[in-house]
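Readers should treat all values here as calculations from the given coordinates under stated rules, not as data from a laboratory. Predicted model, so just to flag it, every value in this text is computed and none were measured. Because the Cβ atoms are built from the backbone with ideal geometry, glycine has one as well, and the counts that use them run over all protein chains shown.
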Amino acid sequence: MNMTDQDGKGGGQAQGTIVFDLDGVLYLGNAPIAGAAEAIAILTAQGWQLLFATNNSSKTPRAVADVLYDRAGIVVDGDAVVTSGMAVASYLVDHGLRSAFVIGSPELRATLEEVSVSIIPHDQAPDAVVVGLDRSLTYAKIGHAARSIRRGAAFIATNLDPTIPTATGEDPGAGTIVAAVAKASGRAPVTCGKPHQPMLDLVSAKISSLPVGNSVWMVGDRPETDIAFAKHAGWRSVLTLSGITKATSAIPEHLIPDHVVRSIVELPDILKNDAEKRSAHEG
Ligand SMILES: [Mg+2]
């Protein structure tokens, strides 16, 4: 062990990558998780590279970085952020889907336009129907999406999270809207966000561009999204009880993480102890 590790200010020595979910981990609704910014600073000083992966498709990466600063006082580069909207954009490009009818936010439409997907209105036939969180959802939008899918358009979902946590409870998430379109069209979507392959491809590409050790951890609050993502990727995982999951008894058996913490504040010690145990095993 070197001295710099003991005071948590070492830096330099690459430990690996930690992929963070945001909502319920670093902030909850509009409020920070107490101590999150300090924990992030300690992990950075310990030599961890940090990435931020969110199923929220209603913000650009730069806007997500701004939210992290505004809500939690955490400074990150937009390049360290991956959103489900970006995963949809790369899926459409990879599959030659050049036009889309979008149920989603203006920012999701902008993300798709950035990769030259044409956003087409409800009176035209699209290559794809993209469904994400849309706070101005209408009956007519569901109807046009379902008709287009039945006529052969690809059905693409940003994510299937049923709800989003807020300070006053849970609001409907993208998964609720996707379920309506699935019911009306009789089809199941290709899903791009966590825990699915398009998002994993994007995050993996980021990780391989970083000068890091080989250890990758995923930290999140939703077992079926975040822990499933880690297991799909072959990464180790930490579930935090600061968000949507309130007790370990609520974790499905096939989605048990490597560690459970009450909040991200415990993470630096957990990872340090884990590394020491592993090196003791190896030694
Ligand atoms: Mg979350």
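Taking amide H positions as modeled 1.01 Å from N, with prolines and chain starts lacking one, the residues under 5 Å from Ser99 and 5 or more places away or on another chain are Ser118, Asp127, Ala128. Round to the nearest 10 and give me the degree value, 0 to 90, for the angle of helix 61-72's Cα axis relative to the longest principal axis of the chain. Computed tilt is about 50 degrees.
Couplings 3J(HN,Hα) of the range 250-255, computed from phi: 8, 8, x, 4, 7, 10 Hz, in residue order, whole Hz [Karplus 6.51 cos²θ - 1.76 cosθ + 1.60, θ = phi - 60°; x for Gly and Pro]. Here the range 54-95 and the range 121-184 have alpha carbon centers that stand 20 Å from each other. Phi angles across the range 168-184 convert, under the Karplus curve 6.51 cos²θ - 1.76 cosθ + 1.60 with θ = phi - 60°, into 3J(HN,Hα) values of 10, x, 10, 9, x, x, 4, x, 5, 6, 4, 4, 5, 5, 5, 5, 6 Hz, Gly and Pro given as x. Please compute the Kirkwood hydrodynamic radius over the range 233-283, one decimal place, Å, based on all pairs of different Cα atoms. Taking every pair of different Cα atoms in the range 233-283, averaging 1/r and inverting gives 12.2 Å.
Could you tell me which of rounded, prolate or oblate describes the range 19-58, using a ≥ b ≥ c as the square roots of the eigenvalues of the alpha-carbon gyration tensor, with rounded for a/c under 1.5 and, failing that, prolate when a/b is larger than b/c and oblate otherwise?
It is oblate, given that a/c is not under 1.5 and a/b is not larger than b/c.
Close amide-amide hydrogen proximity is noted between Thr240 and Gly220, Asp221, Val261, each under 5 Å apart and 5 or more residues distant or on a separate chain (H modeled in the peptide plane; Pro and chain starts excluded). The dipole here belongs to the chain: it is taken about the Cα centre, uses +1 on the Cβ of Lys and Arg and -1 on the Cβ of Asp and Glu, and is about 860 debye.
Between amide H atoms placed 1.01 Å from N, distances below 5 Å from Ala157 occur with Val131, Val190, Thr191, Cys192, all of them 5 or more places distant or on a separate chain.
Highest mobility in the GNM of the chain, judged by mean-square fluctuation with C-alpha springs under 10 Å and restricted to Asp21, Asp269, Asp161, is found for Asp269. Largest GNM mean-square fluctuation among Gly78, Gly193, Gly132, using the chain with Cα springs under 10 Å: Gly78. Judged by the ratio a/c of the largest to the smallest principal axis of the C-alpha gyration tensor, the range 197-276 counts as oblate, that ratio being 1.5 or greater while a/b is no larger than b/c. Qualifying trypsin sites (Lys or Arg not before Pro) in the range 150-247, where qualification requires a DSSP coil assignment and no more than 14 other C-beta atoms within 10 Å, comprise Arg151, Lys246.
Once you sort the root eigenvalues of the Cα gyration tensor of the range 124-255 as a ≥ b ≥ c, which label holds: rounded (a/c under 1.5), prolate (a/b larger than b/c) or oblate (the other case)?
Since a/c reaches 1.5 but b/c is at least a/b, the shape of the range 124-255 is classed as oblate.
Taking all Cα pairs closer than 8 Å and separated by 6 or more residues, the relative contact order of the chain comes to 20 percent.
With a simple spin-label model that places each label point 7 Å from the Cα along the Cα-to-Cβ direction, the separation between Glu282 and Arg151 comes to 5.8 nm. Extension gain for the segment Ser209 to Val75, taken as residue separation times 0.36 nm less the Cα-Cα distance, is 46.2 nm to one decimal. What would the Debye equation give as log₁₀ I(q)/I(0) for the chain at q = 0.07, 0.10, 0.11 Å⁻¹, counting only Cα atoms as equal point scatterers? So the normalised log intensities work out to -0.27, -0.53, -0.63.
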